[in-house]
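K.L.:
First the structure, which I've put down as structure tokens, then a few questions once you've had a look.
The values are calculated or read from the model by the stated rules, or taken from the named source; none is laboratory data. Predicted model only: the values in this text are computed from it and were never measured. Cβ coordinates were reconstructed from backbone atoms using ideal geometry, including for glycine residues, and neighbour counts include every protein chain displayed. Each accessible area value is taken on the protein alone, full model and side chains, heavy atoms only, with ligands, DNA and RNA left out. Shrake-Rupley method; radii C 1.70, N 1.55, O 1.52, S 1.80 Å.
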Amino acid sequence: MFKELVAIGLPEFFKTQVIMELKVPFALDGSQQLLSPEIAEKGQEYFCPACGDPVILKKGDIKVVHFAHKLTDACSQETIIHKTAKLLVLSAVTEWKSGKRVAPLVKRQCRACNTTIDQRLPDKVQCAIMEYRLSDGYVADVALMANEQALAAVEIRVTHAVDEIKAAALSVPFIEVDGNDILADPNVWKPIVDNFRPFPCQNCEDIVNKFNSKVSEIAGAKKIRLPSSYYRYSFCRCWKCKKDTLVFTWPGKQKDVVPLTQPRPDNIQYQFSKTVHSKYWANVCVHCGALQGDFFLYNEPGGPFFGFNCGRDTSDDFDKDQRELAHYLRFINEI
């Protein structure tokens, strides 16, 4: 059914409205099954999935095969696309879980290098529910469920994007997809907005692993425990002993926020700097104790925190920041 729609180029055709009728890309039969006009049969009853009105199957030798019904106040081209796309997403998940097709494919972008990555929906998704009310009060177009809990949501855009208030308030990760894209291929989802958990490409994952291996080597040699929150870490070459040393930063560091969170790494010390002629919370070398000046760390190209803005004190921001620091060092050929 879906291949047939791709072949006839339905989304482009569907954008061409005739004033006196609404074109319906899929219709419901008497048993509430969604059918394309290509496989529908004349003489059978079919209904608009948006408003429930009867539709007419138009199968001729000249025009593209389609369903249609008269223009009404209760239905519009936008509502037809929106409702049909939701039904197709629901069907794609349902058919996957029943073994009739492979898992829907989400075409995502690596947030580090913007490479397109193909990611199948994970097996932990058990089913989908259309127009599901979430715990925050908002209704998801389609909720992806596990153990009767919403794991994520799929929002359908036709002409209007998910508004900013809803996007900020949704209690589950979500993606927003174009309704016309879903009509063309319901098993391939191309997010316009992607708020699913970040999914790095293999190359970026290798860079992060190499970075983590390097900092773990330095930390292990000096028996330093790497933090898993608040303190972001990287490494640089000590100007004095020429050995690789760990350096740390934290939210608000460049605004002189005192590092109160414990445990504080031992090489963050309140020391006097001859360069700025005052004391401040600074990094010192884990090997020789030499102060590693903030001007180099933050303001000189090649410094491990050059151009870096520390995120909030959350686990998501911590993970994002660590990836950014790893990729920056890879960029300047430190790893």
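K.L.:
Any idea which of (1) open to solvent by 70 Å² or more (accessible area, probe 1.4 Å); (2) of a type in the set (A, V, I, L, M, F, W, C); (3) not in a helix (DSSP H, G or I) is the one VAL193 doesn't satisfy?
P.N.:
(1)
K.L.:
Still on this structure: Report the residue count in the range 196-212 for those that are open to solvent by 70 Å² or more (accessible area, probe 1.4 Å) and either in a helix (DSSP H, G or I) or more than 30 Å from VAL89 (Cα to Cα) (or both).
P.N.:
Going through the range 196-212 one residue at a time, the tally reaches 5.
K.L.:
What are the residues in the range 259-273 that are more than 35 Å from the chain's Cα centre (by Cα) and either open to solvent by 100 Å² or more (accessible area, probe 1.4 Å) or charged (D, E, K, R) (or both), if any?
P.N.:
Matches in the range 259-273: ASP266, TYR270, PHE272.
K.L.:
Mind listing whichever residues of the range 227-248 are within 18 Å of ARG330 (Cβ to Cβ) and not aromatic (Phe, Trp, Tyr)?
P.N.:
Those that are within 18 Å of ARG330 (Cβ to Cβ) and not aromatic (Phe, Trp, Tyr): ARG232, SER234, CYS236, ARG237, ASP244, LEU246, VAL247.
K.L.:
Starting from the range 29-57, take each residue that is among the acidic types (Asp, Glu) and list its partners that are surrounded by 11 or more Cβ atoms within 10 Å (Cβ to Cβ) and assigned to a loop (DSSP other than H, G, I, E, B), counting only C-beta distances under 7 angstrom and pairs at least six apart or across chains.
P.N.:
Note: pairs meeting the criteria are ASP29/GLN44; GLU38/VAL65; ASP53/THR72; ASP53/CYS75.
K.L.:
Then there's this: Does ALA167 satisfy the condition of being of a type outside the set (Phe, Trp, Tyr) and either within 30 Å of PRO37 (Cβ to Cβ) or without any contact (Cβ under 8 Å) to a residue 40 or more places away in the chain (or both)?
P.N.:
yes
K.L.:
Before we move on, is LEU246 open to solvent by less than 10 Å² (accessible area, probe 1.4 Å), touching a strand residue (DSSP E or B) at 6+ places or on another chain (Cβ under 9 Å), closer than 27 Å to PRO198 by Cα and not charged (D, E, K, R)?
P.N.:
Against the criterion (open to solvent by less than 10 Å² (accessible area, probe 1.4 Å), touching a strand residue (DSSP E or B) at 6+ places or on another chain (Cβ under 9 Å), closer than 27 Å to PRO198 by Cα and not charged (D, E, K, R)), LEU246 qualifies.
K.L.:
Pairs, please: C-beta under 6 Å, at least 6 apart or cross-chain, first residue free of Cβ contacts under 8 Å to residues at least 60 places away in the same chain and in the range 205-222, second surrounded by fewer than 18 Cβ atoms within 10 Å (Cβ to Cβ)?
P.N.:
ALA219/LEU226
K.L.:
Go through the residues of the range 114-135 one by one and say whether even a single one is surrounded by fewer than 19 Cβ atoms within 10 Å (Cβ to Cβ), among the aromatic types (Phe, Trp, Tyr) and outside any helix (DSSP H, G or I).
P.N.:
yes
K.L.:
Please verify whether ASN187 is within 26 Å of LYS124 (Cα to Cα), crowded, with 18+ Cβ neighbours inside 10 Å and of a type in the set (S, T, N, Q), treating the condition exactly as stated.
P.N.:
Here the answer is yes, as ASN187 does meet what is asked.
K.L.:
Only one of GLN269, GLN254 is outside any loop (DSSP other than H, G, I, E, B), over 13 Å from TYR230 (Cα atoms) and at pLDDT 95 or above; which?
P.N.:
GLN269
K.L.:
On to the next question. Just give me the residues in the range 137-171 being of a type in the set (D, E, K, R) and either open to solvent by less than 10 Å² (accessible area, probe 1.4 Å) or closer than 22 Å to PRO198 by Cβ (or both), in sequence order.
P.N.:
Passing the criteria: GLU155, ARG157, GLU164, LYS166.
K.L.:
Something else about it: Would the range 275-296 turn up any residue that is in contact (Cβ under 8 Å) with a residue 24 or more places away in the chain, within 24 Å of GLU205 (Cα to Cα), open to solvent by 60 Å² or more (accessible area, probe 1.4 Å) and not hydroxyl-bearing (Ser, Thr, Tyr)?
P.N.:
No - not one qualifying residue is present in the range 275-296.
K.L.:
Report yes if CYS241 is among the hydrophobic types (A, V, I, L, M, F, W, C), under 23 Å from LYS320 (Cα atoms) and either part of a strand (DSSP E or B) or in contact (Cβ under 8 Å) with a residue 24 or more places away in the chain (or both), otherwise no.
P.N.:
no
K.L.:
It is to be established whether one or more residues within the range 72-88 are buried (at least 16 other Cβ atoms within 10 Å of the Cβ) and assigned to a strand (DSSP E or B).
P.N.:
There is no residue in the range 72-88 that is buried (at least 16 other Cβ atoms within 10 Å of the Cβ) and assigned to a strand (DSSP E or B).
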